[in-house]
Every structure is written in C-alpha cells, then in structure tokens.
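The values are calculated or read from the model by the stated rules, or taken from the named source; none is laboratory data. Everything quoted here is computed from the prediction, not taken from an experiment. FYI the Cβ positions are ideal-geometry reconstructions off the backbone, even for glycines, and counts take in every protein chain you see.
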Amino acid sequence: MSDDALVIFTPSGKRGRFPLGTPVLQAARSLGVDLDSVCGGRGICSKCQITPGYGEFPKFGIHVDDEALSEWNSVEERYKSKRGMIDGRRLGCQAKVMGDVVIDVPPESQVHKQVIRKSATAREITMDPATRLLFIEVAEPDMHEPTGDFERVQRALAEQWQVDAVVADLAVLRRLQPVLRKGEWKITVALHRGNHDTAHRILDLWPGYHDGGLYGLAIDLGSTTIAAHLCDLRDGHVLASSGVMNPQIRFGEDLMSRVSYAMMNPGGDQEMTAAVRTSINGLVQAIATEAGVDPASIYEVVFVCNPVMHHLLLGIDPVELGQAPFALATSGSLALPAREMELTAVNSAAQVYVLPCIAGHVGADAAAVALAEAPDKSEDMVLIVDVGTNAEILLGNKERVLACSSPTGPAFEGAQISSGQRAAPGAIERVEINVATKEPRFRVIGSDLWSDDPGFAEATANSGITGICGSGIIEAVAEMRLAGILDGSGLIGSAEQVGTDRCRPEGRTNSYLMFDGSATGGPVITVTQGDIRAIQLAKSALYAGARLLMDEMGVDHVDRVVLAGAFGAHISPKHAMILGMIPDAPLDKVASAGNAAGTGARIALCNRAARDAIEATVHEIHKVETAIEPRFQEHFVNASAIPNAVDPFPHLAAIAPLPEVSYNTAGSEGRRRRRG
Ligand code: FES
C-alpha cells in the first residue's frame, strides 16, 4: 500500500498527493485551495468544514473508500453536539487523509466567497476584505528569554498565519496584557491591512476564540441623501441598508450653493463638515440598531462621494472646486483612521477608505459607478447615468471611457416640486394618464394597487396619499406629454385646449390636478407649470451631459443605457425617454442598475483588489468638464423641449408617438400680429 494518497478538491479541481495522516486543511493550504480557518486548525472555529465524497468518481478516475479519511473524532463530536453540523460534513483541520479522496469545499467554507449581486447586471464580489479575524496561541513570557508580549504576538502571527510586519496602536497595547492573560495566551485579533499598507495593524483583540461580528459600512454620500449599507465582512452579506437626508441642504440645495456658502461665510465649510459627520454618526447608530449589531463591531467604512462632498466630509475647504480649473486637494484614494474624521459611532480603531476622484467635478461616486458597472469592460457603447442631484455620467466601452458630471439639481429626488416628497409610503410613484379622457390613475409606495383598482382606498388608508416622489414626477410629466396635456415646449394647456377640467388656471399658467383629497382633509396634489420647469432644467442638464460625451466620443447613438442612482431602479425607461432625459435607444436596451455608486462602495469594502483596480481605472477614464464646454449650453437649450428640439428619437416614435400640440397662445398671437 502506498504511503501517500491523492486528494482532489472540488469545485476548484486542485489536486495533489499527500502523506497519509495529513490533515485536510493542511493539504488544502499547500495546494492553495480556498478553505477558511480562523483558529488556525485548532478545532475551535468550525470555518474549515468540508464534505468528503465516497464511492466511484469516474470523472477523476478514482474510487474513494469509506476509510479514506481518519475517524470522526471527539473535537468534531463536541462541535456537532454543541453547535450542530450538517450530516456528512467534517472539520478539515481534524479529518486526516488516509486514502485517495475527493473533497468538496462548500461555499460557506471558502475564504474568498462569492457574493452574488441582485441586479440586472449581476456581478460577483470575491470576499477579500481589509480586516479579518485570526486566532493565535502566544508563547508565555520567559525570564530567561526576555521579550515583550506584543513581540510574542507578532511572532505567533508570523508563525501561525505567515503574517509579518504587524503594528498596533497604543490603545491596543494597553489592553494586550490583560487580554492575553485572560485568554490563557490564546487570543483572537482583528487584523487590518489596506491595499497600500506594508504592515498589518491590530485593530482589536479578545481573549480566547472570538466569533463576534466583524462589520463594515459602504456609504454613498450624496448631495441630497446619504445612503449606507451595513455588510458582514465575513461573508459580504448586507444586513441592513438605510439612508438619511444630507443635513447640508440647509446651507444650499446644490453643490455650487454649498461652495458659495463656504466662500461667503468664514467657517462655513467647518459648519458643513460638522453637520454631515454628525448625521453620519446618527445613521451608523440607526443602521446598527436596525440590524441588531453593536456599532463598535464596525471596523471598516468605505465612502464614495462627489468632489464637494468629499472635501466637506474630510474637512477640506471646497473653495477651489467652485472656480476653474477646479483643483481637488487630492484626487487619490484615501485611507485613514475613522477617528480622524470624528466618526465616533463605529469602533474607535475603525479604518476608512475613500475611493479616488476622477477629476474636479467628477468624483469618487463616479469612480464607484465605474467599479460597479465596468464600462471599461463593455463590448458595446454603454451610457451609464447615475441620477441624483448631481448626475454622474459615463460613456464608453473597453476601448475608451469618458465621464462628466452634470448639475441636475434635486428635482429628480422630489425636491423643488410643489407636491414633491421623498420616496416613502404614501408617495405617488407610478402614473398613467388615459390619452382619450385625460384621467390619471396612479400607484403609491406601500401598495401594489392602482388608484382605480377595487380596495385601493383601504390599502392606502394607513399611509394616505401624501405627495409625488422622484420617479412619480418623471412618469407624471411624461404621461402628460403623451396625453397631450403638455406641449413639446413644456407648457400645460388650459381646460379648453386640453379638454379636461383637471387643467386649472394658476396665475398666468395652468396646472394639472392629479389627486384631490381635500374632502377628507387630505392634500390636493397637482403638477404645476413650475414643476414642469424644474424637471425640464434637471433633464436638460442630464441629457446635455450625455450628449457632450457622445460628441467627444464621436458617436450619435448609444447601444445601451444604464440608469443608476438611489432611485435609478425605479425610473421607467419609457418615461425617461419620453422626457428626453436619456438619448434614444431600443427600450429593451435601457436597464436599471439600482444604486451603482453604493454597490461600488460595497465592492471596495469587501475586496481589496477592487480598490487597486479602481485606482488604476480612474487614470484611464477621460473626464469632460461640462462647465467650460460651450456645446453644453447648446445641448442644454435643445434638450429643454420634450423630448428634444433637434435630436431624433426614432425608437421612441415607434412605441409612443407624441401628439403635435402647441399651447404657446401668446406666441401665436404675437406672430399673427406681426403678420397683420
Ligand atoms: S480550522 Fe478552525 S475548526 Fe478547523
């Protein structure tokens, strides 16, 4: 009988011969098989679970005997009786190779687990976070060999985990001696190494084996909203997602007004920095409570944000971003302790990573979108639009990628709209208007029923009907254009012109009545001429940015469009196209990607290599500065028509022909007078 055996691991297919008696974990490590272990093979953590296969394996040409692994031992028995283990599983550190064997590594035992994103363009995230937990056994002090406890911790990490160059802050060193003694020289450490670090840093330590939480936050800091995902750094799962309004709105609704506030008010930048940091700390508390997690077990925070938010978050005066040449204090990625940014709600040793910016007006949020949607790997010409108060726009394919940002203002998020509100229960989110009768029907967040469905009143009794959110206003305006309530220039017709008394005079213009709840003390929800103007401004800025990139790329159409952004997933592609927010494209080539910037932040949180990748990619992305491009203005003016004064929309015309109406009565009278 041979004194070694063939071991084949699945799903990797890696194989090798090992002396009989080799623990499976050791065989896996020597082949580079992805098998997890926190306790280093001591039978404590149970991360190393494997499933041996027995019988015939014609695919591999081997037969596996029932005795191919050593007998089930007391460590495994103790673990199974205390914590439970799926039948057929073994602990890889306990089971030894005794004959040829095929061993499956289940997904939960893989260190670099793949987390599947739930989105149209599902991508996998390979887990390789900057912080992980390691269990070590540390040598006891010896009078004859005087070394410090920390030096023996360093030695244990080097010997047991091949981790060299380990540092620790004073706060950790202060706790080291009691923890070591309490754990009887066995401890667990939270070890961090960022993608640029040469040394590992101990962020925290616990006596004995610790399997408490290890969490990270991915934060998309937008001008209007701050969105956060709380992720488990052990497996990448999102435990909770939450958002709050950016409190800086009180200093100015858009980016430039906040820069002006900083310019005009000494100390204004610091006020805005303090406001946003306080708000983030509150959000951390709230999201941790929601997930039932101790905020002190959050060790990593990744931020993506536009350049002005980036500077204000970091406490850098954004004044240079308000004037050409729009120089950033730094465009590179940043890694720093959370306490330097006064993020007090997370663990006091937590580390922050801020994605790199692309340029003065194109920030880390655009970089995060590029990371999530990977236009640089696309075969076809893709336009990615991250819709927010400041739209981030990327256009390109694997040959070349261009980026710009465009100041759309907060109208798409329901602000500056007379009946606008945040996306919350009770907000109108879907609208249809009957072309013949001009009667609307709608759906509100919190119910799947349309307003003319039986049971709608009961279903919405709790939330009420409170206003219109961003996706609702886009659909409302587009449906009004489709039904001929609105002409191509964006004017709402009168009751006589349109043929419905839902059109009501309001000052010198008209508005359209969507819902009247006044009889029961509810709101009267209308779309006013002012609302239409706000949406026209926002969508013109968005379209002009996209068009500018198309000019620069030398193309007059795009193959596909990705709508991203906190509410990008909720925008109906058809209505976005009727409005002329996005260039004409086949409707089935317009997809939603949800919060791509937030997803990019999450990828950077879970995978260190992704940080290297995006840092390299931002140098390849060519940025176009909308603020100084004369053609931006021209495109903007043309785009204020619905859908557009000059650009053709052939795909749209085929599916939704728009009525040729004109309510510019003052203009026609003027022309008549001139002719007369
Ligand atoms: S490696 Fe920890 S139990 Fe096997």
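In this structure, is Glu137 at pLDDT 85 or above, assigned by the TED database to the domain that holds Lys182, within 16 Å of the ligand (Cβ to nearest atom) and not hydrophobic (A, V, I, L, M, F, W, C)?
Here the answer is yes, as Glu137 does meet what is asked.
What about Lys47, is it within 11 Å of the ligand (Cβ to nearest atom), basic (Lys, Arg) and either more than 42 Å from the chain's Cα centre (by Cα) or in a loop (DSSP other than H, G, I, E, B) (or both)?
yes
Quickly run through the range 55-74 and pick out the residues that are away from the ligand (no atom under 16 Å from the Cβ) and part of a loop (DSSP other than H, G, I, E, B).
Matches in the range 55-74: Pro58, Lys59, Phe60, Gly61, Asp65, Asp66, Glu67, Ala68, Glu71.
Out of the residues in the range 159-177 that are surrounded by 13 or more Cβ atoms within 10 Å (Cβ to Cβ) and polar (S, T, N, Q), which is nearest to Thr198 (Cα to Cα)?
Gln160
Please work out which residue is modelled with the lowest pLDDT, limiting yourself to the range 159-170 and to residues that are out of contact with any Ser or Thr (no Cβ under 7 Å at 6 or more places or on another chain) and more than 10 Å from Ile136 (Cβ to Cβ).
In this case the residue turns out to be Asp164.
Which residue, of Ala597, Ala601, is buried (at least 22 other Cβ atoms within 10 Å of the Cβ), at pLDDT 90 or above, small (Gly, Ala, Ser) and at negative phi?
Ala601
Of all residues being touching a residue at least 60 places away in the same chain (Cβ under 8 Å) and either more than 17 Å from Glu108 (Cβ to Cβ) or of a type outside the set (A, V, I, L, M, F, W, C) (or both) in the range 75-94, which is farthest from the ligand (Cβ to nearest atom)? Just the residue, please.
My answer is Arg90.
Taking Ala415 as meeting all but one of (1) more than 29 Å from Ala370 (Cα to Cα); (2) surrounded by fewer than 22 Cβ atoms within 10 Å (Cβ to Cβ); (3) in contact (Cβ under 8 Å) with a residue 40 or more places away in the chain, write down the number of the exception.
(1)
So how many residues does the range 80-98 have that are among the charged types (D, E, K, R) and either under 14 Å from Leu35 (Cα atoms) or not in a helix (DSSP H, G or I) (or both)?
Going through the range 80-98 one residue at a time, the tally reaches 4.
For the range 615-642, name all the residues that are part of a strand (DSSP E or B) and either in contact with a Leu (Cβ under 6 Å, 6 or more places away or on another chain) or among the acidic types (Asp, Glu) (or both).
His622
Applying the selection to the range 6-37, what residues are surrounded by fewer than 22 Cβ atoms within 10 Å (Cβ to Cβ), over 14 Å from Phe60 (Cα atoms) and among the hydrophobic types (A, V, I, L, M, F, W, C)?
Matches in the range 6-37: Phe18, Leu20, Leu31.
Has the range 247-261 got at least one residue that is under 20 Å from Ala596 (Cβ atoms) and surrounded by fewer than 16 Cβ atoms within 10 Å (Cβ to Cβ)?
No, the range 247-261 contains no residue that is under 20 Å from Ala596 (Cβ atoms) and surrounded by fewer than 16 Cβ atoms within 10 Å (Cβ to Cβ).
If we keep just the residues of the range 451-476 that are out of contact with any His (no Cβ under 9 Å at 6 or more places or on another chain) and in contact (Cβ under 8 Å) with a residue 60 or more places away in the chain, which is surrounded by the most Cβ atoms within 10 Å (Cβ to Cβ)?
Step by step, filter the range 451-476, then rank; the result is Ile473.
Is one or more of the residues making up the range 620-630 surrounded by fewer than 17 Cβ atoms within 10 Å (Cβ to Cβ), free of Cβ contacts under 8 Å to residues at least 12 places away in the same chain and at negative phi?
yes
When residues of the range 388-426 are filtered for being assigned to a strand (DSSP E or B) and modelled with pLDDT under 90, how many remain?
Total meeting the criteria: 7.
Given the structure, is Arg201 surrounded by fewer than 23 Cβ atoms within 10 Å (Cβ to Cβ) and under 17 Å from Ala338 (Cα atoms)?
yes
State whether one or more residues within the range 19-41 are more than 9 Å from the ligand (Cβ to nearest atom), of a type in the set (S, T, N, Q) and either in a helix (DSSP H, G or I) or assigned by the TED database to the domain that holds Trp161 (or both).
yes
Tell me, yes or no, whether the range 217-225 has at least one residue that is part of a loop (DSSP other than H, G, I, E, B), surrounded by fewer than 24 Cβ atoms within 10 Å (Cβ to Cβ) and outside the structural domain of Arg181 (by the TED database).
Within the range 217-225 (the criterion being part of a loop (DSSP other than H, G, I, E, B), surrounded by fewer than 24 Cβ atoms within 10 Å (Cβ to Cβ) and outside the structural domain of Arg181 (by the TED database)), the answer is yes, since at least one residue qualifies.
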